[in-house]
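The structure under discussion appears below in the form of structure tokens.
Each reported figure results from applying straightforward, stated rules to the coordinates on display, with no laboratory input. Since the model is a prediction, treat every value here as computed from it, not as a measurement. Every residue, glycine as well, gets a Cβ built from its backbone with ideal geometry; the counts of neighbours run over all protein chains shown.
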Amino acid sequence: MKVAIIGAGKVGRSLARALRQTAHTVDLIPARSGVPRRRIVAALLVLAVRDGQLAGWARDLARARVVARRAAVVHLAGALGVEVLSPLRGAVAGLGRAHPAVSFASSSVSPWLVGASLVVSGDEIAVKRASRVGRAIGLVPRSGDAIDPIAYHAACALVANGGAAIAASAHRLLVHAGLSASDSTGVVGPLLRSVGQNVAQLGLPGALSGPIRRGDSVTLRKHLGKVREQAPELIFLYVELAKVQLAMARELAEASPEQLAAVERVLRRRRRDEAPAAPNPPHSELPAGPDRESVSVRAQRLAK
């Protein structure tokens with residue numbers, strides 16, 4: 001199959017490099033050059049441009065009539081439906097969405113694609129062609145016809161972008177602990193990769209490991225104390241993630257109820273200790289006497 005990709009950024013370049021290792025042919029078209037004047041003859045046209053540019057590209061391609069009618073056109077935006085390509089409806093063979101659930105962070109270093117999901121939806125011909133191309137580079141097609149695209153994309157962002165943020169937070173704590181910056185990333189990267197492998201192979205909550213799964217409240221208390229001492233800005237993140245781990249640990253039920261209750265007490269105490277105290281109004285602002293009124297009622301009266 002001949003594939004054309006518009007957009008030579010991180011995603012477009014990575015997909016083009018992967019496709020060049022297959023039997024498919026690929027034509028990578030930089031988006032910055034605008035709509036090409038030459039005709040785009042391809043069985044599958046992939047729009048690898050920014051989400052906010054998709055509607056304009058669909059409109060401009062439809063007006064220019066440069067896409068072969070037999071082509072199926074797909075976009076890669078996880079948060080948008082097929083309707084963003086509606087200006088091309090009737091001008092091509094079919095429209096679709098094909099979102100690779102992969103973190104593309106660099107245009108020069110391609111991520112590992114084998115086993116990752118390609119969430120596809122739209123017209124049958126677009127889904128079939130995108131799925132075929134996806135399989136060729138190791139992706140696993142999954143139907144996205146019934147999903148809420150915003151919720152789906154938020155979940156992907158939580159893993160891909162949130163995972164990078166957690167890695168950055170762990171990196172900061174490791175540097176505080178005494179590791180060099182390079183050694184720290186050398187620890188965090190493979191560790192994060194092993195979590196992904198566990199999720200894929202063991203599922204959830206089976207991928208959970210560590211002290212909360214074991215019901216080890218003593219170690220958790222030590223962790224919280226050290227984070228509070230060396231990187232206090234991370235304490236809220238640590239506690240909130242620990243709360244999610246506690247729910248997972250209860251589902252696994254490897255630790256006893258008493259052990260998990262002890263873990264919960266540690267987390268409750270930490271949340272209470274970290275919570276800002278409610279400010280007390282100055283004494284002079286409080287009305288005195290037997291006929292005093294509530295502060296809220298007084299505020300309403302003064303507002304009138």
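Full extension from ARG268 to LYS128: what is 0.36 nm times the residue separation minus their Cα-Cα distance, to one decimal in nm? Spell out each step's value before the answer.
Numbers: separation 140, 0.36 × 140 = 50.40 nm, distance 5.11 nm.
Taking 0.36 nm per residue and subtracting the Cα distance, the gain is 45.3 nm.
With point charges of +1 on the Cβ of Lys and Arg and -1 on the Cβ of Asp and Glu, referenced to the Cα centre of the chain, which listed residue (VAL66, GLY134, HIS223) lies farthest in the positive direction of the dipole?
Toward the positive end, the furthest listed residue is VAL66.
Starting from the amide H of ILE5, placed 1.01 Å from N in the peptide plane, find each other amide H under 5 Å away whose residue is 5 or more places distant or on another chain.
When sequence neighbours closer than 5 places are left aside, the close amide H contacts are ASP27, LEU28, ILE29, VAL46.
Under the rule of at least 5 residues apart or a separate chain, name every residue whose amide H is placed under 5 Å from the amide H of SER117.
Correct list: ALA101, VAL140.
Mind checking the full-extension length gain between TRP112 and LYS222? Use 0.36 nm per residue of separation minus the Cα-Cα distance, one decimal, nm.
Numbers: separation 110, 0.36 × 110 = 39.60 nm, distance 3.64 nm.
Gain on stretching TRP112 to LYS222: 36.0 nm.
For each of LEU173, LEU246, count neighbouring Cβ atoms within 10 Å of the residue's Cβ, then give the residues from fewest to most. Working shown, then result.
On the way: LEU173 18, LEU246 21.
Least to most surrounded, the residues fall as LEU173, LEU246.
Using the count of nearby Cβ atoms within 10 Å as a rough guide to exposure, how do VAL46, VAL102 rank from fewest to most? Can you show the working numbers first?
On the way: VAL46 28, VAL102 19.
Listing VAL46, VAL102 from fewest to most nearby Cβ atoms yields VAL102, VAL46.
Give a residue-ordered list of calculated ³J(HN,Hα) values for the range 64-74 (Karplus: 6.51 cos²θ - 1.76 cosθ + 1.60, θ = phi - 60°; whole Hz; x for Gly, Pro).
Calculated HN-Hα couplings, in order: 6, 6, 9, 8, 4, 5, 7, 6, 9, 10, 10 Hz.
Please arrange GLU254, GLU264 by how many other C-beta atoms lie within 10 Å of their C-beta, fewest to most. Before the final figure, lay out each step's value.
Numbers: GLU254 13, GLU264 16.
Ranked by crowding around the Cβ, least crowded first: GLU254, GLU264.
Report the full-extension gain for the segment GLU254 to ARG37: residue separation times 0.36 nm, less the Cα-Cα distance, to one decimal in nm.
Residue separation times 0.36 nm, minus the Cα-Cα distance, leaves 71.7 nm.
Rounded, prolate or oblate: which one fits the range 151-274, using the alpha carbon gyration tensor with axes a ≥ b ≥ c (rounded when a/c is under 1.5, else prolate when a/b beats b/c, else oblate)? Walk me through the numbers on the way to the answer.
Details: a/c = 1.61, a/b = 1.10, b/c = 1.46.
Taking the square roots of the gyration eigenvalues as a ≥ b ≥ c, the range 151-274 is oblate.
Placing +1 at every Lys and Arg Cβ and -1 at every Asp and Glu Cβ, with all other atoms neutral, what dipole size does the chain have around its Cα centre, in debye to the nearest 20? Before the final figure, lay out the partial values.
Values: 42 positive and 22 negative charges, 249 e Å.
Roughly 1200 debye, rounded to the nearest 20.
Return the distance in nm (one decimal) between the two label points of a simple spin-label model at GLU233 and ARG50, each offset 7 Å from Cα along Cα→Cβ.
Placing both labels 7 Å beyond Cα along the Cβ direction yields 2.6 nm.
Would you mind putting 211-220, 73-82 in packing order, based on average other-beta-carbon counts within 10 Å, highest first? Working shown, then result.
On the way: 211-220: 19.0, 73-82: 22.6.
Highest-to-lowest ranking by the protection proxy: 73-82, 211-220.
In whole angstrom, how long is each semi-axis of the equivalent ellipsoid of the chain, when you take the square root of 5 times every eigenvalue of its Cα gyration tensor and sort them from largest down?
Working: eigenvalues 476, 170, 67 Å².
They are 49, 29, 18 Å, listed largest first.
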